1. Looking at the range 116-132, can you tell me whether even one residue there is touching a residue at least 60 places away in the same chain (Cβ under 8 Å), in a loop (DSSP other than H, G, I, E, B) and among the polar types (S, T, N, Q)?
2. Please enumerate the residues belonging to the range 115-139 that are at negative phi, surrounded by fewer than 22 Cβ atoms within 10 Å (Cβ to Cβ) and not basic (K, R).
3. Go through the range 184-224 residue by residue and tally those that are on the phi > 0 side of the Ramachandran plot and either of a type in the set (V, I, T) or surrounded by 14 or more Cβ atoms within 10 Å (Cβ to Cβ) (or both).
4. How many of the residues making up the range 167-224 are polar (S, T, N, Q), out of contact with any Lys or Arg (no Cβ under 9 Å at 6 or more places or on another chain) and in contact (Cβ under 8 Å) with a residue 60 or more places away in the chain?
5. Just a yes or no: is a residue in the range 136-153 under 16 Å from D14 (Cα atoms), modelled with pLDDT of 95 or more and under 17 Å from the mean Cα position of the chain (by Cα)?
6. From G99, G13, G67, grab the single residue that is modelled with pLDDT under 95 and not charged (D, E, K, R).
7. Considering only the range 198-225, state which residues are at pLDDT 95 or above, among the charged types (D, E, K, R) and over 18 Å from the mean Cα position of the chain (by Cα).
8. So for the range 154-170 (the condition being modelled with pLDDT of 95 or more, surrounded by 13 or more Cβ atoms within 10 Å (Cβ to Cβ), over 29 Å from I120 (Cβ atoms) and of a type in the set (D, E, K, R)), does at least one residue qualify?
Amino acid sequence: MKRADGGLFLVAGDPGRRGRGKDPLLEMIFARIGRTRPRVAYVGAASSDNRLFFLWIAALLKKAGAGEVGLVPLASRRADTARARSLLESADVVFVSGGDVELGMRILERTGADVLLKGIRAQERPFIGMSAGSIMLAAQWVRWVDPAEDATAAAFPCLGLAPLLCDTHAEKEGWPELRTLLRLRAAAVGYGIPAGGALQVAADGSLAALGRPVQRIALGSDLPELKP
């Protein structure tokens, strides 16, 4: 069933908010999606489906306006892939959580969930990524064979549901990983989403900053930031 497109949201997350009640940014996002108590499929591949992390994020989503939140089982070699598919296909919103980008993409590719997620997004289903989940929804990310040698850096593909390059909550460090990725891809611009901020990507590709200004990182001098 095709649903009204609420867009795709790349959220940085704010570790400092832990235990502080409702998240106003998530509340804003659910308001923009425009569904009452939507069912959320939680993709926790980047944290190996960590149960405690899931329970914490699920509670945060429910406080912000979500209805039922179901963990999509993917990480285990014995994962119930039929249940995973059912949860994803029946959800009103897909949420991709944080952790390790490379691990998350490896699990999605191994289980075929990467192809399934692309098909679901093609139906204009709203997606929310948080932290590493936001990067996974974007086009590419970067890995190092030897973290001490920048020459060993290489880009690898992500889901590409958001046709851009981004990083999250690395503003204090000056976005070094994103800058490396831009050099590798000779890309013109990447988006630095600060803690407490988000980037909304509409179906037509237009962008809007939410919560806090989103920085536009460029190979030369950085471009003016996107303001909420």
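1. Scanning the range 116-132, I find at least one residue that is touching a residue at least 60 places away in the same chain (Cβ under 8 Å), in a loop (DSSP other than H, G, I, E, B) and among the polar types (S, T, N, Q), so the answer is yes.
2. Listed by number, the residues that qualify are V115, L116, G119, I120, A122, Q123, A139.
3. Total meeting the criteria: 2.
4. Here the count works out to 1.
5. no
6. Working: G99 fails: modelled with pLDDT under 95; G67 fails: modelled with pLDDT under 95.
Only one candidate passes the filter, namely G13.
7. Matches in the range 198-225: E225 only.
8. Checking the range 154-170: not a single residue is modelled with pLDDT of 95 or more, surrounded by 13 or more Cβ atoms within 10 Å (Cβ to Cβ), over 29 Å from I120 (Cβ atoms) and of a type in the set (D, E, K, R).
The values are calculated or read from the model by the stated rules, or taken from the named source; none is laboratory data. Just so we're clear, the structure is a prediction, and the values are computed from it rather than from any experiment. Please note: Cβ atoms are built from the backbone with ideal geometry, for glycine as well, and neighbour counts cover all protein chains shown.
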